[in-house]
Amino acid sequence: SKTWREIFNFIRSKWSLLLIAELIFLAAFFSFLMIRMANPDLWHPYRGGEKPMDFAYLNAVLRSSYMPPYDPWFSGGYLNYYYWGQFIVAMLIKATGILPETAFNLAIPLFFGLTVAGSFSIVYNLAAITQSRQKHAPSNLGSGQYIYGSRGCLANPRISRSFWSPILAGISAALFVAVLSNLN
């Protein structure tokens, strides 16, 4: 049908960009998986932590036959918050049949990889749109002039032409969002 043809044409025309995005996700996923493999314990032995609570919530979501799930810490109670992430992971566990303790350790690298891929995608698309607008901007302006449109100042074409490639901008954003912002 028409939709499948559009999808096929998109994949055929953008296969290299799709491959780069997938490689970025896989690199982020496997790099964080290595961190989890170095310390797969679900507990912070020196500082406490919330991993036992998170794992209890995940098991509560997996075992509940209704929503909201039961509260593993309060008999007869139910969780009224903090279980959306566990609900998403529980759906993947049910779909794949992976053991919950293994899936919990795989979910953390998955969310890291999705964060990296999402930030790459957003900034890549913003940079590509900006680059596209700059290519179509008139180049007969002086060095101090800017193009003003209905949405305000778009760009100074002499200064910013091809300074950042969208892929480099996306990778930089992914590093800033997922790595450099979490050095502590």
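The values are calculated or read from the model by the stated rules, or taken from the named source; none is laboratory data. Fair warning: this is a prediction, and the values are worked out from it, not measured in the lab. Don't worry about glycine lacking a Cβ; one is built from the backbone with ideal geometry, like all the others, and counts go over all protein chains shown. The area values use the complete protein model at the heavy-atom level, side chains included, leaving out ligands, DNA and RNA. Shrake-Rupley method; radii C 1.70, N 1.55, O 1.52, S 1.80 Å.
Before moving on, here are some points about what is shown:
- Qualifying residue in segment 30-49 (condition: in contact with a Pro (Cβ under 8 Å, 6 or more places away or on another chain) and farther than 30 Å from ALA173 by Cβ): yes
- Where helices (runs of 4 or more DSSP H) fall entirely within segment 95-184, those with at least 1 residues that are modelled with pLDDT under 85 are at 100-135, 157-160.
- The one condition from (1) aliphatic (A, V, I, L, M); (2) free of Cβ contacts under 8 Å to residues at least 12 places away in the same chain; (3) in a helix (DSSP H, G or I); (4) open to solvent by less than 100 Å² (accessible area, probe 1.4 Å) that LEU92 does not meet is (2).
- Of the listed requirements (1) outside any helix (DSSP H, G or I); (2) touching a Leu at 6+ places or on another chain (Cβ under 8 Å); (3) within 26 Å of PHE112 (Cβ to Cβ); (4) not hydrophobic (A, V, I, L, M, F, W, C), TYR81 misses just one: (2).
- Cβ separations smaller than 6 Å between residues 6+ apart or across chains give the following pairs from segment 43-69 residues that are closer than 17 Å to PHE87 by Cα and aromatic (Phe, Trp, Tyr) to residues that are open to solvent by 30 Å² or more (accessible area, probe 1.4 Å) and at pLDDT 85 or above: TYR57/TYR83.
- Hits in segment 56-79 (condition: open to solvent by 80 Å² or more (accessible area, probe 1.4 Å) and closer than 24 Å to THR96 by Cβ): ARG63, SER65, TYR66, MET67
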